[in-house]
Every structure is written in C-alpha cells, then in structure tokens.
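Engineer: The following block contains the structure, expressed as structure tokens.
The values are calculated or read from the model by the stated rules, or taken from the named source; none is laboratory data. Since the structure is predicted, the reported quantities are computational estimates derived from the model, not experimental observations. Don't worry about glycine lacking a Cβ; one is built from the backbone with ideal geometry, like all the others, and counts go over all protein chains shown.
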Amino acid sequence: KELGVKMNNVRERLCELQRDVTVLRRAATPPLAKRHLSIARDCERLDDTLQRYHVELDRLRSVFDTLWQEQLYRIHVEQDIFRTQMSDIVNLRTEVKQLAHVAQQLEPYVKSLSQTNLEDMANLQALIDRITVMQQSADSQKKFKSGRRLKCSD
C-alpha cells in the first residue's frame, strides 16, 4: 500500500512535469531539470525497492508452493475419507432397510411357527430326555456286562 502511494506521488509529479514541459517547451530551464532529476531518482529508488520485494517473493514462492501442496494433499485425503465414509453409510443404510424388509416379511411365518413350535419343542424335549435315559441305561448295561465278563474270566 505504501509503495502504491509513493508510485501515485511519482506518477502525479511526472504528469505535472510533462504538462509544464509541454506548456513551456523549455526542457533546459533549471527548475524543470531539477524536478526531472528528482523524479528520475525517485523512480530508480522505487524500482530498487520493488526489485528487492520481487526477489524476496521469488524466494518465498517455493516455500509457499510446498506448504500449499501439502495442504492440498491433506485436503484431498480428508475428502477421500469423507466420501468413503458417506458411501459406507449410504450402503449400510440400504442394507439395513433390506434386512428390515426381509424381517418384516418373515414376521407372520415366525409368529405361526412360534406357536406350533412351543408344542413341538415340548414333545421334542420329552423325546430327547427319553433317548438320553435309554443311552444311559444302555451304557450302564454295557458296563455291567463287561464287568461280569471280567469277573467270569478271572
């Protein structure tokens, strides 16, 4: 901003000098020459200052480019993670809706089977208990018979 103000000041003074030279048509007049020299020096100083800023900005460009590239990379990674999470959530919600629909379709069958199954389960449990008792009885008889054989052999 400060350089812009200085630049405008030089620009205005140069316009005044140009107007005076045009009006007077005497470039050799001492006040005009002095003003011209002052403006030329100010232009040179401004150019030197701008050159230093330009060199400094060129030096900083690579630093900023590296920082910006790293930030862009992080942003892209975060965007990819976000998109993946959104996609996963959408897919999971779709799957949950499908599962809920299937469960809803199975509900009448489950209810009807649950009522009849209670009776069947009681009968099945009684049958399992009888089989277990029979197996235990058969195992006891085998042990008894093998025990008798051992005693008879002695």
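Engineer: Consider the range 1-30. How many of its residues are loosely packed, with under 10 Cβ neighbours inside 10 Å, assigned to a helix (DSSP H, G or I) and modelled with pLDDT of 75 or more?
Structural biologist: Count: 3.
Engineer: Continuing with this model, one more query. Answer yes or no: is there a residue in the range 61-79 that is more than 30 Å from Glu2 (Cβ to Cβ), of a type in the set (Val, Ile, Thr), part of a helix (DSSP H, G or I) and modelled with pLDDT of 95 or more.
Structural biologist: Taking every residue of the range 61-79 in turn, at least one turns out to be more than 30 Å from Glu2 (Cβ to Cβ), of a type in the set (Val, Ile, Thr), part of a helix (DSSP H, G or I) and modelled with pLDDT of 95 or more.
Engineer: What tally of residues in the range 115-154 results from selecting those that are modelled with pLDDT of 70 or more and either hydroxyl-bearing (Ser, Thr, Tyr) or touching a Lys or Arg at 6+ places or on another chain (Cβ under 8 Å) (or both)?
Structural biologist: 3
Engineer: For the range 34-47, check the following and say yes or no: at least one residue is under 30 Å from Cys15 (Cα atoms), in contact (Cβ under 8 Å) with a residue 40 or more places away in the chain and out of contact with any Cys (no Cβ under 9 Å at 6 or more places or on another chain).
Structural biologist: From the range 34-47, those under 30 Å from Cys15 (Cα atoms) are 34-47; that's our starting set.
From what's left, in contact (Cβ under 8 Å) with a residue 40 or more places away in the chain: 46.
Next cut, out of contact with any Cys (no Cβ under 9 Å at 6 or more places or on another chain) only: 46.
Yes, the conditions are met somewhere in the range 34-47.
Engineer: Does Val55 qualify as being among the β-branched types (Val, Ile, Thr), without any contact (Cβ under 8 Å) to a residue 24 or more places away in the chain and either under 30 Å from Leu3 (Cα atoms) or in contact with a Lys or Arg (Cβ under 8 Å, 6 or more places away or on another chain) (or both)? So that I can check it myself, show each step before the final result.
Structural biologist: Values: among the β-branched types (Val, Ile, Thr): yes; without any contact (Cβ under 8 Å) to a residue 24 or more places away in the chain: yes; either under 30 Å from Leu3 (Cα atoms) or in contact with a Lys or Arg (Cβ under 8 Å, 6 or more places away or on another chain) (or both): yes.
For Val55, the condition - among the β-branched types (Val, Ile, Thr), without any contact (Cβ under 8 Å) to a residue 24 or more places away in the chain and either under 30 Å from Leu3 (Cα atoms) or in contact with a Lys or Arg (Cβ under 8 Å, 6 or more places away or on another chain) (or both) - is met.
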